[in-house]
1. When you go through Glu167, Glu189, Glu180 one by one, which is the residue that is in a helix (DSSP H, G or I) and over 26 Å from Ser67 (Cβ atoms)?
2. What number of residues within segment 1-50 satisfy the criterion of being assigned to a loop (DSSP other than H, G, I, E, B), hydroxyl-bearing (Ser, Thr, Tyr) and in contact with a Ser or Thr (Cβ under 9 Å, 6 or more places away or on another chain)?
3. Checking the structure you have, find out if any residue of segment 128-147 is closer than 28 Å to Ala50 by Cβ, at pLDDT 90 or above, outside any helix (DSSP H, G or I) and within 21 Å of the chain's Cα centre (by Cα).
4. Look at segment 171-195 and say how many of its residues are farther than 19 Å from Glu235 by Cα and either of a type in the set (Lys, Arg) or at pLDDT 90 or above (or both).
5. Say we look at segment 66-120 and pick out the residues that are polar (S, T, N, Q) and open to solvent by less than 70 Å² (accessible area, probe 1.4 Å); which of these is modelled with the highest pLDDT?
6. For segment 203-232, give me each residue that is at pLDDT below 85 and surrounded by 13 or more Cβ atoms within 10 Å (Cβ to Cβ).
7. Just for segment 40-65: of the residues that are of a type outside the set (Gly, Ala, Ser) and within 22 Å of Leu161 (Cβ to Cβ), which one is surrounded by the most Cβ atoms within 10 Å (Cβ to Cβ)?
8. Looking at (1) under 15 Å from the mean Cα position of the chain (by Cα); (2) buried (at least 19 other Cβ atoms within 10 Å of the Cβ), find the lone condition where Leu174 falls short.
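The values are calculated or read from the model by the stated rules, or taken from the named source; none is laboratory data. The model shown is predicted, which means the values in this text are computed figures rather than measured ones. Neighbour counts are summed over all protein chains in view; Cβ atoms, including those assigned to glycine, are modelled from backbone coordinates with ideal geometry. To get the accessible areas, we keep the full protein, side chains included, count just its heavy atoms, and leave off ligands, DNA and RNA. Shrake-Rupley method; radii C 1.70, N 1.55, O 1.52, S 1.80 Å.
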Amino acid sequence: MPAHILLVEDEPEVADLLELYLSNEGYQVSKYSHGKEALDYVSQTPLDLALLDVMLPDMDGFQICQSIRKAHFFPIIMLTARVEDIDKINGLMLGADDYITKPFNPLEVVARVKTQLRRYRSYNPQGGSEARQHGEPEEQEIRGLWMNQRTHQCTLFGKKLELTPREFSILWYLASHQGEVVPSEELFEAVWKEKYFDNNNTVMAHIGRIREKMQDSYRNQKFIKTVWGVGYTIES
């Protein structure tokens, strides 16, 4: 069954061009120019990936991304003409998986879509039967923190934590290695499935976001602890 892609773009020429290229690759494309209509569609339709323009008539793409992440874990790629670093950081911290600036080559967009779909299928918790067959537990509980890999649910002292798929994967990996110090390089390569490069602050930014959601003070770290110059750990 072909992957189903949501395209939210208010420039007709850009939307039509992307739809053409994606359809030629065999993907099913549902196209919208307004955020509210797109969110209504998301709430009732299974999807595999979303392409979201940042600037839309009724709401921005970051708002759409944040709303989608409350209940869905498929990849999200942001499309925008704004190139400031803060925009990129905002998008990724809200749960976006990639970021493409305009003008772009539609072939690049297709390539990024293929990459995100491949990664999603390789470590999507909803389809993690291979990991469970190899003895990995479906649930973990550590000092009031409870996680379920199959349902992607996470609670802290009974209160639900709204984690993005990447945040969940980071926390799950650390919990699976409880008592060990996990180097940033290892954590990045395990979650992002990419080669780690020096001076990569991606892991640090995501850890900060997780701590914020857990209300875990940076100065008084209770759950995720930083081992300076090495990595991160959840102590036994």
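1. On the way: Glu167 fails: over 26 Å from Ser67 (Cβ atoms); Glu180 fails: in a helix (DSSP H, G or I).
Only one candidate qualifies: Glu189.
2. Residues of segment 1-50 that are assigned to a loop (DSSP other than H, G, I, E, B), as a first pass: 1-3, 9-11, 25-27, 33-34, 43-48.
Still in the running and hydroxyl-bearing (Ser, Thr, Tyr): 27, 33, 43, 45.
Imposing the further condition that a residue be in contact with a Ser or Thr (Cβ under 9 Å, 6 or more places away or on another chain) reduces the set to 45.
Count: 1.
3. Step one: list which residues in segment 128-147 are closer than 28 Å to Ala50 by Cβ, which gives 128-132, 138, 147.
So of that shortlist, the ones also at pLDDT 90 or above come out as 147.
Those left that are additionally outside any helix (DSSP H, G or I): 147.
Pick out the ones that are also within 21 Å of the chain's Cα centre (by Cα) and you get 147.
Checked segment 128-147: at least one residue is closer than 28 Å to Ala50 by Cβ, at pLDDT 90 or above, outside any helix (DSSP H, G or I) and within 21 Å of the chain's Cα centre (by Cα).
4. The number of residues fulfilling the criteria is 2.
5. Initially, segment 66-120 is screened for residues polar (S, T, N, Q), giving 66-67, 80, 90, 101, 105, 115-116.
Subsequent filtering for residues that are open to solvent by less than 70 Å² (accessible area, probe 1.4 Å) retains 67, 80, 90, 101, 115-116.
Working: Ser67: 91, Thr80: 85, Asn90: 67, Thr101: 86, Thr115: 83, Gln116: 84.
Top of the filtered list is Ser67.
6. Across segment 203-232, the qualifying residues are Asp216, Gln221, Lys222.
7. Here is the first cut: in segment 40-65, the ones of a type outside the set (Gly, Ala, Ser) are 40-42, 44-49, 51-60, 62-65.
Then keep just the ones that are within 22 Å of Leu161 (Cβ to Cβ); that gives 42, 62-65.
Details: Val42: 21, Phe62: 19, Gln63: 16, Ile64: 28, Cys65: 25.
Among residues in segment 40-65 that are of a type outside the set (Gly, Ala, Ser) and within 22 Å of Leu161 (Cβ to Cβ), the one surrounded by the most Cβ atoms within 10 Å (Cβ to Cβ) is Ile64.
8. So Leu174 meets the others, but not (1).
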